[in-house]
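The values are calculated or read from the model by the stated rules, or taken from the named source; none is laboratory data. Just so we're clear, the structure is a prediction, and the values are computed from it rather than from any experiment. Because the Cβ atoms are built from the backbone with ideal geometry, glycine has one as well, and the counts that use them run over all protein chains shown. Only protein heavy atoms, including side chains, enter the accessible area calculation; ligands, DNA and RNA are left aside. Shrake-Rupley method; radii C 1.70, N 1.55, O 1.52, S 1.80 Å.
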Amino acid sequence: MRWDHLAEKPTRAGDGALFGTSTVTTRTFDTPEFRGMTFHEVRARSVLNRVPGASRMPFEWTVNPYRGCSHACVYCFARKTHSYLDLDTGHGFDSQIVVKVNAPEVLRRELGSRSWQGAHVAMGTNVDCYQRAEGRYRLMPGILEALRDRANPFSILTKGTLILRDLELLTQAARVTEVGVSVSVGFLDDALWRSVEPGTPSPARRLDVVRALGDRGIGCGVLMAPVIPFLGDHPDQLRATVRAIAAAGATSVTPLVLHLRPGAREWFLDWLGRHHPQLVRRYERLYAAGAYAPTWYQRRITRQVHELATEYGIGPTGPGLPHRRGHRPGSPDAPDAPAEPGPDPGGEPTQLTLL
């Protein structure tokens, strides 16, 4: 494992490393929920990560307490990040989890810096901060407390039902600052869910999260992602999904068609060849131009979902996250990947709504 890549490479002239090799502790736990998984505990020097300027995301700062994700979504765009450590982007991404064990205290220190101007902080944009490991390491309560105590606006995108453990903290934070929560539900099909998102709670349980948050007065949007071509994009499937999202009380629904960046592309196409070999050629044609489906396809899905949302009484997608310039202490957490991109710029605009 190439920890030296992080230990020796400064993130900006004059900055120290993100962490040293001596700070890495590797653990395994012989319990059913963690069997076959390895956790690499590190002590990060910085956790606020600045999103690259070329990104199309509506926020500038992220916090990612984990790298790698036990949700094991075969399409996950963040798989490429494991290659920075010479870790496998397939099974390794699903089972070799990097844990920034001191993330809460580092964040509290960075938020308290004179140079920090209170910019919006997005979480869950790289890997899910409420993945299985969070049940053991419990990093999010401290992170939420730090944000609450500074009245710093933030948002969370998750597939994890574990977020309900922190419902009281979210409620407290919402009294003093802007808090946005979105749950990712791309489809309802149980067979498809078990195949492409094997480590996640079911779509039905995720929609229960939407209901529970709404009951506490915390509006929750749904990122309908990914819409998977030829497997989850039939009009009847889209209708059923939007209808269930509306019934759960979601404040908005935002469709996002599957995109296949390097790392994820190879892993997804391997899965496709094993489970749906008849679709391989269709995918090669649909994604021939790169990571994104063609503009015409994205527009068709976006139009259908928006029409269904109107039919079922979900309001239009909101204006997105606030953009407030801020300067943070230290250097960006450079080895983390940029936040998940939005649609192809050539497609119909679809704003990711987390707040």
TODO: Give me the percent of the accessible area of the range 131-259 that comes from carbon and sulfur atoms, probe 1.4 Å, all protein chains in place.
DONE: 47 percent
Open item on the list: Whole angstrom only: what separates the Cα centroid of the range 128-202 from the Cα centroid of the range 226-258?
Closed with: 20 Å
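Would you please give the FRET efficiency between Arg211 and Arg285, computed as 1/(1 + (r/R0)^6) with r the Cβ-Cβ distance and R0 = 41 Å, to the nearest 0.05?
According to the calculation, E is roughly 0.55.
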Open item on the list: Using the basic label-point model (7 angstrom from Cα toward the beta carbon), what is the Arg299 to Leu164 distance in nanometres?
Closed with: 4.2 nm
Task: His120 accessible area, 1.4 Å probe, all protein chains in place, Å² to nearest 10 - done: 10 Å²
Open item on the list: I'd like to compare 240-252, 186-198: which one has the highest average count of other Cβ atoms within 10 Å, and what's the full order after that?
Closed with: 240-252, 186-198
Open item on the list: Classify the range 85-124 from the C-alpha gyration tensor, please: rounded if a/c falls under 1.5, else prolate or oblate depending on whether a/b exceeds b/c.
Closed with: prolate
Task: Accessible area in the full protein assembly, largest first, 1.4 Å probe, for Thr295, Thr302 - done: Thr295, Thr302
Task: Candidate residues Phe39, Phe230: accessible-area rank, largest first, probe 1.4 Å - done: Phe230, Phe39
TODO: Subtract the Cα-Cα distance of Glu266 and Tyr137 from 0.36 nm times their separation in residues, and report this length gain in nm to one decimal.
DONE: 43.3 nm
- [ ] Provide the solvent-accessible area of Arg211, counting protein heavy atoms only and rolling a 1.4 Å probe, rounded to the nearest 10 Å².
- [x] 90 Å²
Task: Ranked order, Leu167, Leu238 - accessible area, probe 1.4 Å, largest first - done: Leu167, Leu238
TODO: Go through 104-110, 122-128 and give me the packing order, highest mean Cβ count within 10 Å leading.
DONE: 122-128, 104-110
TODO: Could you work out the relative contact order of the range 139-260, using alpha carbon pairs under 8 angstrom and six or more residues apart, expressed as a whole percent?
DONE: 26 percent
Task: Interatomic Cα distance distribution for the range 190-253, bins of 5 angstrom, percent - done: 4, 17, 26, 25, 17, 8, 2, 0
